[in-house]
Number of protein chains: 2
Amino acid sequence: MDGTAQKIEREDAGRAAARRRQVLTVASELFATKGFEATSIRDIATAAGMMSGSLYYHFASKEDLYIAVQDASISKIFNAVEGAIPGIADPWERLEAAAIAHVEAMLDRSGFRVLVTPLFPPGLDRKVRDALVAQRDRFERMIDTVIAELPLPKSLDRRIFRQHYLGALNWIPVWCDPDGPVAPADIVRQFMATLRR
Amino acid sequence: MDGTAQKIEREDAGRAAARRRQVLTVASELFATKGFEATSIRDIATAAGMMSGSLYYHFASKEDLYIAVQDASISKIFNAVEGAIPGIADPWERLEAAAIAHVEAMLDRSGFRVLVTPLFPPGLDRKVRDALVAQRDRFERMIDTVIAELPLPKSLDRRIFRQHYLGALNWIPVWCDPDGPVAPADIVRQFMATLRR
DNA sequence: TAACCTATCTAACGAGCGTTAGAAAATGCA
DNA sequence: TGCATTTTCTAACGCTCGTTAGATAGGTTA
């Protein structure tokens, strides 16, 4: 039994792992559009083509599933941004590349959908909540290393600048139709032009 | 009966009206911290010091109550901003005054608490949803009149600039502790300094 | 084929939800 | 005081929720 379990975990390509990813994906879509509480286990199971009881073979609880989605969301953005900045020398262009990757990851509707929800469900286990916060902090620290290189006025608080930057970006999914006339990347470029001068 | 009803409606100071405002206030607090679905009618009633059934004397349904809170939220911000800009000539200073009023209204925790939630519950009645959207549009049009006066580069799309501005502001309640060391007004002033040059 | 693990389904549980009808209490007016 | 109106409470309704135990089908290995 050990051999099989380890094999599946290592390759992450077993039937169970694929099903788990599928559930994660449809759950991300539902959580993103309807919110955590308004999405029922039965909703998710139906969208995944199974009965609600079967979900519990893959996830221990609804909260467990939500945490996995939240975790994957931050990871998706983190990886997109991390992959976008190497090889770029100019600090402002580094930040612009990071911002475009960030926004495109948020608006990407093929496959797993990122949860932007800033409000964690208010009954989350302390330890789990701390883990999510730590993951988000890790992302913000990466952004900070990019912002640190920017030639900004001394009087400007870079923590506030980071929140300004993140606020403008994270608000985009609220108003921007990813299939609309203006490409998300162009929106980001105007943001950067405004922040830059 | 007509006389009494009209009187109450006109003065808006009857016992019923006061109770209605009280329910609205505690509901705004709960909706803001826990979200719509996670807040039960019994939660709200308990916080208002009554039984859950009594709530239905003042509001026809939970959705009805939510709409009233959402409506009052936009009104509170609208009135705060509307009251902050007259008498200021310089366009940038007008926008800064609007932004400070906007943020202070969002962070104000005495009495009614503003709902910033961008996501309307996804089963809202069409007509009601349209009414809320229209009210929000009215606010955005007011902001647009201020933004229109700004001496911005021709290449800059003012609709995108408005969303940049609103995104940065609306994100503040996510990360800013209103009782923290940095005054919200100072945060806004740095935002404006960044947007300005 | 037989035994075993994997994955899913069935069917129900207790709890909490929004909501309601009608009784009861508080209030204002004659 | 007595009456009518306004406001609140009581007690339940039907429904959906997250979750679980046990039966069942499919796949793999011996």
Is at least one residue of segment A:134-146 in contact with a Leu (Cβ under 7 Å, 6 or more places away or on another chain), crowded, with 17+ Cβ neighbours inside 10 Å and either under 25 Å from B:V182 (Cβ atoms) or not aromatic (F, W, Y) (or both)? yes
Over segment B:57-77, the set of residues farther than 16 Å from B:S40 by Cβ and in a loop (DSSP other than H, G, I, E, B) is B:A60
Looking at A:A89 and the list (1) touching a helix residue (DSSP H, G or I) at 6+ places or on another chain (Cβ under 9 Å); (2) over 18 Å from B:C176 (Cα atoms); (3) among the aliphatic types (A, V, I, L, M), which single condition is not satisfied? (1)
State all residues of segment A:113-137 that are under 17 Å from the mean Cα position of the chain (by Cα), in contact (Cβ under 8 Å) with a residue 40 or more places away in the chain and outside any helix (DSSP H, G or I); if no residue qualifies, say none. A:R113, A:V114, A:L115, A:V116, A:T117, A:P118, A:F120, A:P121
Sole residue being within 11 Å of chain A (Cβ to nearest Cβ), exposed (fewer than 13 other Cβ atoms within 10 Å of the Cβ), without any contact (Cβ under 8 Å) to a residue 60 or more places away in the chain and small (G, A, S), chosen from B:S155, B:S110: B:S155
Take the residues of segment B:31-51 that are in a helix (DSSP H, G or I) and touching a residue at least 40 places away in the same chain (Cβ under 8 Å): which is nearest to DNA strand C (Cβ to nearest atom)? B:F31
Could you grab me the full set of residues in segment A:176-197 that are modelled with pLDDT of 95 or more and at the interface with another protein chain (Cβ under 7 Å from one of its Cβ atoms)? A:I187, A:Q190, A:F191, A:T194, A:L195
For segment A:128-142, give me each residue that is under 20 Å from A:W92 (Cβ atoms) and within 13 Å of chain B (Cβ to nearest Cβ). A:E140
Quick test for you: out of A:S28, A:S54, pick the one residue that is more than 13 Å from DNA strand D (Cβ to nearest atom) and assigned to a helix (DSSP H, G or I). A:S28
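The values are calculated or read from the model by the stated rules, or taken from the named source; none is laboratory data. Since we're looking at a predicted model, the values are computed, not measured. All Cβ positions, glycine included, derive from the backbone under ideal geometry; neighbour counts span all protein chains shown.
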